[in-house]
Each structure stands twice: as structure tokens, then as C-alpha cells.
Amino acid sequence: MSDSRNLQETRAEQARRNKELITRYYDLALNKKDFAAARAYIGPYYRQHSTYGADGPEGLGAFVEWAKVNLPQLHVDFVRIIADGDYVLMHNRGKNSPGTKAVVDIFRIEHGKVVEHWDVLQDVPASAKNANTMF
Amino acid sequence: MTGYTCASPDEQYSEAERRNRDVVLDFYDAGVNRRDYAAAFRHLGDHYVQHNPDVSDGAAGFREFFDFIEKNFPKFRVEIKRVFIEGDMVAVHVRSFDGPTRNGEAGVDIFRLEAGRIVEHWDVIQPIPDSIPHANSMF
């Protein structure tokens with residue numbers, strides 16, 4: 001087997017593992033709104049870039065507690081996931097947020113734990129210039 | 001195009017992934033920043049499925065949208081911060097300047113390629129607010 005094929009298999013295995021990690025983490029945090037369970041996936045720090053949360057694991061914890069009270073019906077569908085090295089990028093549909101939002105979340109993983117998060121959010125409009133939907 | 005970082009070191013990508021990245025970066029720079037449609041559209045496949053709700057389908061829709069930008073925001077430009085590649089999917093995390101919003105926008109564009117040509121595009125765009133609850137920036 002060539003070195004380049006070995007490299008591609010290692011890379012594919014890392015992508016598979018990271019997608020599974022992030023999917024489970026995200027589902028616990030935002031869909032189940034169980035921060036205690038999600039906390040186990042977070043590393044020694046959590047650098048937050050979202051405009052919706054304060055820095056650190058405690059910033060995320062505060063957001064999850066806020067969502068539990070204010071957006072109890074919030075549910076995020078994972079539409080597509082791209083994994084590249086230590087990063088996982090998810091294209092998501094946030095329902096009852098309120099309304100529906102198109103979201104891209106980006107996570108960085110270090111030693112098997114989530115340590116950094118970026119996102120962008122946009123309301124899905126009632127009408128569009130094409131028939132393809134935002135997803 | 002300079003200033004961007006790829007999620008992995010160059011040697012980690014397959015040849016096809018490096019080609020897909022280069023196609024998307026050249027398309028982006030030509031189409032979005034230089035508004036040189038002839039240079040941009042040679043990277044499109046025989047169809048271009050558009051998911052941005054403000055843009056009509058196909059190459060014609062792309063051109064119509066950026067003609068509007070060129071006319072109303074001639075200094076509009078987009079900087080690519082980070083690039084993510086997996087097989088036929090290429091995503092870019094970007095910041096726009098001098099467009100319709102005061103602080104510019106943070107966005108992610110996702111492209112799907114077929115045989116080295118761009119055939120589909122999704123994006124999510126959020127205006128950068130005046131203040132955010134941490135010192136890390138949106139990037």
C-alpha cells in the first residue's frame with residue numbers, strides 16, 4: 001500500500017471519528033439541552049466565537065440553560081457535515097429558534113475534545129429567488 | 001488570493017481535493033472580488049444550483065446579483081479566512097467589507113464540485129454586530 005493511500009485512510013478515519021464526536025456533542029448540548037452531559041466532550045478550554053455566547057465552557061452552559069427556559073422547542077437538524085483535519089463544519093437547520101434559521105457551525109477538536117467554536121446564523125426567509133431552499 | 005489558512009497541511013489533501021480548493025479560490029476571487037465573470041464562470045459545471053435565497057439560479061443569477069453589488073457597493077470585497085475541504089465539498093469562512101452592512105458580514109460558503117467544476121452553492125451570512133460578548137471576534 002502506498003504512503004499516499006495510507007494517509008488518505010488515516011484522514012478518512014479521523015473525519016469519521018470527528019463527525020461522530022461533534023454530532024453527539026451537539027445533540028446533547030442543543031437538542032437535549034443537557035449541558036452536564038455535553039461538558040464531558042469539552043476540552044480544558046472552549047474558545048467561543050459565536051455572537052450568542054460568552055467565552056469558555058461556562059458561557060456555553062449559560063446559553064444552554066437560557067435555551068432550556070426560553071427556547072424549549074429548539075431543535076437542530078444536521079443537514080450536511082464536512083470534516084477536515086481537526087475541524088468539523090456543520091450546515092444545520094435550527095427549528096423553533098424561534099422561526100427557522102440556517103446555521104453553519106465550525107468546531108475545532110484537540111486531543112479528542114472540542115476546544116473552539118464559530119458560527120453564522122441567518123433567518124430562512126418566507127420567499128426566495130430560487131426554488132432550491134437554503135439547504 | 002492570500003491570507004487564508006487551510007484546515008489541514010497541504011500534503012494531507014488528495015490531488016483532487018487540492019484541485020477543488022484551487023478552483024473554488026479562483027472562482028471566488030474572480031467572481032466575487034474582481035467581478036470578472038468570464039474568468040469565474042469557466043469553473044462552473046453545466047449547471048449551478050444556487051441556495052442563497054437572494055440570488056437566482058445558475059450563472060445568470062450570479063451575474064445579476066454581483067452586477068447589483070458592483071453598481072451599489074463598488075468597493076465590496078470578501079476576505080477568505082479559512083478553507084475546509086473534504087472530497088468534492090469545499091467550504092470557506094469569510095468576512096465581507098464595504099457592502100450593505102456597517103461592520104461587514106461573517107459568512108460561510110459551501111461549494112459542491114463535480115469533476116473539478118462547481119455545480120452547487122449554499123451560504124449563511126450574518127452581519128457583524130457592534131459588540132459581542134467575548135474578545136475572540138467572530139473569526
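Bear in mind that the values in this text are calculations on the coordinates, not laboratory data. Since we're looking at a predicted model, the values are computed, not measured. Glycine also receives a Cβ, built like all others from the backbone with ideal geometry; neighbour counts cover every protein chain displayed.
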* Would you mind stating whether residue A:128 is farther than 17 Å from residue A:27 by Cβ, free of Cβ contacts under 8 Å to residues at least 12 places away in the same chain and of a type in the set (A, V, I, L, M)? => yes
Verdict on residue B:50 being touching a residue at least 60 places away in the same chain (Cβ under 8 Å), under 24 Å from residue A:127 (Cα atoms) and among the polar types (S, T, N, Q):
yes
*Using the structure shown, decide if residue B:86 is in contact with an Asp or Glu (Cβ under 6 Å, 6 or more places away or on another chain) and crowded, with 17+ Cβ neighbours inside 10 Å.*
yes
Restricted to region B:1-17 and to residues being outside any helix (DSSP H, G or I) and within 14 Å of another protein chain (Cβ to nearest Cβ), the residue nearest to the chain's Cα centre (by Cα) is B:4
Filtering region B:110-139 down to residues that are at the interface with chain A (Cβ under 7 Å from one of its Cβ atoms), of a type outside the set (A, V, I, L, M) and part of a strand (DSSP E or B) yields B:122, B:126
When region A:97-134 is checked residue by residue, the ones that are in contact with an Asp or Glu (Cβ under 8 Å, 6 or more places away or on another chain), among the hydrophobic types (A, V, I, L, M, F, W, C) and more than 9 Å from chain B (Cβ to nearest Cβ) are A:107, A:109
Quiz item: When you look at residue A:77, is it in contact with a strand residue (DSSP E or B) (Cβ under 6 Å, 6 or more places away or on another chain) and in contact (Cβ under 8 Å) with a residue 40 or more places away in the chain, yes or no?
Solution: no
Subset of region B:18-52, residues within 14 Å of chain A (Cβ to nearest Cβ), under 19 Å from residue B:122 (Cβ atoms) and more than 15 Å from the chain's Cα centre (by Cα), comes to B:47
Of the residues in region A:92-135 that are among the hydroxyl-bearing types (Ser, Thr, Tyr) and under 20 Å from residue A:77 (Cα atoms), the one that is surrounded by the fewest Cβ atoms within 10 Å (Cβ to Cβ) is A:133
In region A:26-77, residues that are touching a helix residue (DSSP H, G or I) at 6+ places or on another chain (Cβ under 6 Å) and under 20 Å from residue A:120 (Cβ atoms) total 8
The number of residues in region B:62-77 that are under 29 Å from residue A:118 (Cα atoms) and either in a helix (DSSP H, G or I) or within 13 Å of chain A (Cβ to nearest Cβ) (or both) is 4
Within region B:97-109, the residues that are buried (at least 22 other Cβ atoms within 10 Å of the Cβ) and either free of Cβ contacts under 8 Å to residues at least 24 places away in the same chain or more than 11 Å from chain A (Cβ to nearest Cβ) (or both) are B:108
